[in-house]
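Have a look at the structure below, then the notes.
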Amino acid sequence: MKIGIDLGTTNSACAFIDPNEADGADFPPVHILPIPQEVIGGQIEPRRSLPSFLYLEGDGLSGENAREQGALVPTKLVHSAKSWLSNSEVDRTAKILPWDAQEAGRVVSPVEASARYLKHIRDAWEATGRGPISEHDVVLTVPASFDEEARELTVQAAHEAGIENLTLLEEPAAAFYSWIANHLSQSQKSLTDGMTVLVVDVGGGTSDFTVIRVGREGDRVNFTRTAVGRHLLLGGDNLDLTLAWLVESKLNKQLSLRQRSALRRQCSAAKEKLLGSPDLASVDITVLGGGTSLIGGTLKASVLREEAMELAMEGFLPFCGLDEKPQEDKKSLFREIGLPYVSDPAVTRHLAAFLQSSQSPAPDAILFNGGFFIPEILRQRVTDVVESWYGKRPLVFENNDLDLAVAVGASYYSYVRGTGSGVLVRGGLPRAYFLGVDSPDAANLKTVCLVPRGTEEGSTLTLDLENLQLVANKPVKFKLYSSLLRTEDQVGEVVEFPVQEVAETLHQHAPLEAVIRFGKKAEERLVPVKLGVHLSEVGTLEIWAESKISEHRWRLQFELRKPVLAEQVKKSRPVAVISAEALAAAEEAVRAVFQHGTLAPEELPGKLEQILALGRNSWPLEVIRKLADVFLELNEGRRKSPAHEVRWLNLGGLCLRPGFGHPGDDYRIELARRVWAQGPAFGNKPENETQWWIFWGRVAGGLNRNQQADVFQRTAYALLPKGKPQRLNSSLEREMWRCAASLELLPAGTRTDLGNALVKRLRSEPNASDFWCLARIGARKLFYGPLNQVLPAATAVRWIEGIGKVNGSEECIARLGQSTGDATRDLPPGSLEMVRRTLAGSPELLSLFEGDTPSDLDSMARVFGEELPSGLVLAAPAQE
């Protein structure tokens, strides 16, 4: 059997083709798999699709009744798991869903939720008696704009569901295959050579745009995908939210989370009725009250057809110019369920931007796909807008059953791919990938094309550049970029991008890193290599470096969750350029202290500032990481004296902060963890122990969850004592608190205990350091921790109330209550108003609280509190 599965944001479906039935037929019959599911109160019935909702009651319930029950108890409902799979702001393999629930109620990861839907479909298949799904060819669809990370996680979910024999297919291409499967004879007659077809795919949570070019030689027709849009979290869910807010404003009442969820479900149904039925004037909405008096508290309102039409047409599908760009506000109005939806809901503006950036010609035809376009009036509107752009009306290719088209197309692709019958849409990889290489030209980013766009699945490419060498036994970095726009670049071709255009042209992925282990000695050496790339059958990249002088081969893998801090820092301020000679002199100065003993440790800070001609907080990231490598290499040099260790910890931590964001940092943290295992060499000295905790607070972001827990356990005796607290040196105690506050991956319960203790301390003895720690622990926007680590809003409210009357608390309160636009992180309206009144006398803090100013969490001084304890003032630069 040839099976196609559409793993959708809102609905999932499965279709299949029996090759035996296809023999001799003009086109293969496509069957929809009935999916048994609970529809109401334990009643099981088959449905043509499976709503992608998981209700966490008992063993968990997925499907139609899960969606309905979850609308009543939203804190137990998982939805939009597919959108979470592509959300890099969270740990997508962590148990973060349902997002609407408090942390204790979050029990599945986006990967696990996706696997549960796929397992439901697998069980439905195997219940038909057609054998295990693992014995058949399965094609699973993903958005065309899914990047490497999201594709890998989708494959992981499929494997967890027991689906192994797997190929990925992009959804717009699947929609096109569906049209071909249902209109094969028409396609042979009406498609002309050079014709372009625009696929506009808007589902529940995402929008995808693709251009396909038709090629024709006589009776032979072929198709090539020529352009793919960027990933857009924008779809029918956003229109549902907008309608829900409209109704809530009519009710003139602040609704609870449960009421909002039920309202959104009703608005979704109302939208479908109003946009699909021209004669329907309005739909009544009923919201049950809270508490015990449900009937007496019932709220009612109506949604008029003209209201739904105006929101859909003017808000989501407005007429606009072809050169009009989406409006990029600082934050989306659609963060209600925690996802980073785009700020501009106008699908037509995003479509115009795609057509302009891809330099696509006027489309000759449009193929619509996705549940958003089920109402015909919405398809007509987009067609009208495209006609206004080009002065000619494109043909409209109609797909049967828009909610099933992707699954149908996937099964057809599986059939064509397996039998060789039918037609394939060529195009391969939707992105071109580039590898950054060192260049002295600061105005241009120099890259080498690693994988051209259009590379077909199953291809293996080799990049054998002259003089390409890897540094063995040291961190090796690969800066990887991709582009949806570049079409002409070839493997191994050197391509330069003006630095000011990089953000618009390229997407930077988290760096690929490796430590090349080579030879018996752990000394640095150069190994000539060539690079290999394999584009797997499921559309994911496998990259490796292969030695030219031995049999060694090293796999290079993506880091899925760590942010690219290096690029954030570069964007935030100009970066000074340090000459190679100055850097070499700085490295030698560090060696003079810790290796040769020819420079006193107290002279090192001033010496480095003199050599680099910059204050230490202005040293570029590339420079401090080079120096960090030397500090780590000379770890044993800190044992020379207490002064040596103080200087090693102080400057070494400064150069390694924040422990991530630069290629090779994982390896550096691995080396630093060896220092942790050794402990401070002069731990009996308060100054040394103080610097020890400053060091670990600075690099905390590079530690994983277990390592952070280990660091915290060494401080717990002092910070959260079970008995009488131990008296500590004040500087030491302060830095232990600052270190603990920097551990953003600690469990919520531990961080809440720390915050509670800080509130108690501040009420008796306020000080700036404790305010900083409390703000860091309870921040609505963490520095490096994923969104799922943000503490509940109720906790932040309690802390704000606890310190509200304490002198000097204003900035801490601004950060604890900072508005994000995400209802699950933001304080309730009454608390927000309380904070506004508190900050009314400080426009700067009020702006910070409202989220109107760029976050200064990227400021190292702000995050790490670079003021030094008394007695550790930097020495003055030496006089020449």
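Could you grab me the full set of residues in region 812-850 that are of a type in the set (D, E) and over 26 Å from V90 (Cα atoms)? Answer for region 812-850, where residues must be of a type in the set (D, E) and over 26 Å from V90 (Cα atoms): E833, E844.
Scanning for something among the basic types (K, R) and buried (at least 17 other Cβ atoms within 10 Å of the Cβ), does region 730-737 turn up at least one residue? Walk me through it before giving the result.
Going residue by residue through region 730-737, those that are among the basic types (K, R) are 734.
Within this subset, residues satisfying the condition of being buried (at least 17 other Cβ atoms within 10 Å of the Cβ) are 734.
Taking every residue of region 730-737 in turn, at least one turns out to be among the basic types (K, R) and buried (at least 17 other Cβ atoms within 10 Å of the Cβ).
When T462 is tested against (1) polar (S, T, N, Q); (2) under 27 Å from the mean Cα position of the chain (by Cα); (3) assigned to a strand (DSSP E or B), just one condition goes unmet, and that condition is (2).
Tell me, yes or no, whether region 68-83 has at least one residue that is among the polar types (S, T, N, Q) and closer than 18 Å to D237 by Cβ. Checked region 68-83: at least one residue is among the polar types (S, T, N, Q) and closer than 18 Å to D237 by Cβ. Buried (at least 16 other Cβ atoms within 10 Å of the Cβ) and modelled with pLDDT under 85: is that true of G422 in this structure? Yes; evaluated as a whole, the condition is true for this residue.
Looking only at residues that are outside any helix (DSSP H, G or I) and surrounded by fewer than 18 Cβ atoms within 10 Å (Cβ to Cβ) in region 108-146, which one is nearest to the chain's Cα centre (by Cα)?
We begin by selecting, within region 108-146, every residue outside any helix (DSSP H, G or I); these are 108-109, 127-132, 136-146.
Right, trim to surrounded by fewer than 18 Cβ atoms within 10 Å (Cβ to Cβ) and you get 127-132, 136.
Numbers: A127: 36, T128: 38, G129: 40, R130: 38, G131: 37, P132: 34, H136: 32 Å.
The residue in question is H136.
When W179 is tested against (1) within 24 Å of P36 (Cβ to Cβ); (2) surrounded by 24 or more Cβ atoms within 10 Å (Cβ to Cβ), exactly one condition is not met: (1).
Annotation note: of L85, L77, the sole residue that is in contact with a helix residue (DSSP H, G or I) (Cβ under 8 Å, 6 or more places away or on another chain), touching a residue at least 60 places away in the same chain (Cβ under 8 Å) and under 17 Å from I40 (Cβ atoms) is L77.
Matching residues to (1) over 30 Å from N473 (Cβ atoms); (2) not charged (D, E, K, R):
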position: W676; (1), (2): no, yes
position: P680; (1), (2): no, yes
position: N684; (1), (2): yes, yes
position: W696; (1), (2): no, yes
position: Q713; (1), (2): yes, yes
position: L728; (1), (2): yes, yes
position: E733; (1), (2): yes, no
position: M736; (1), (2): yes, yes
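Pick from region 741-752 the residues that are touching a helix residue (DSSP H, G or I) at 6+ places or on another chain (Cβ under 6 Å) and small (G, A, S): which of them is surrounded by the fewest Cβ atoms within 10 Å (Cβ to Cβ)? Ranking the candidates gives A748 first. The listed residues are E112, E89, and the only one of them that is out of contact with any Cys (no Cβ under 7 Å at 6 or more places or on another chain) and under 24 Å from A15 (Cα atoms) turns out to be E112. Among the candidates A94, A104, A71, the residue that is surrounded by fewer than 20 Cβ atoms within 10 Å (Cβ to Cβ), part of a helix (DSSP H, G or I) and at pLDDT below 90 is uniquely A104.
The values are calculated or read from the model by the stated rules, or taken from the named source; none is laboratory data. Because the structure is predicted, anything quoted here is derived from the model rather than measured. Cβ: placed from backbone, ideal geometry, glycine included. Neighbour counts: every protein chain shown.
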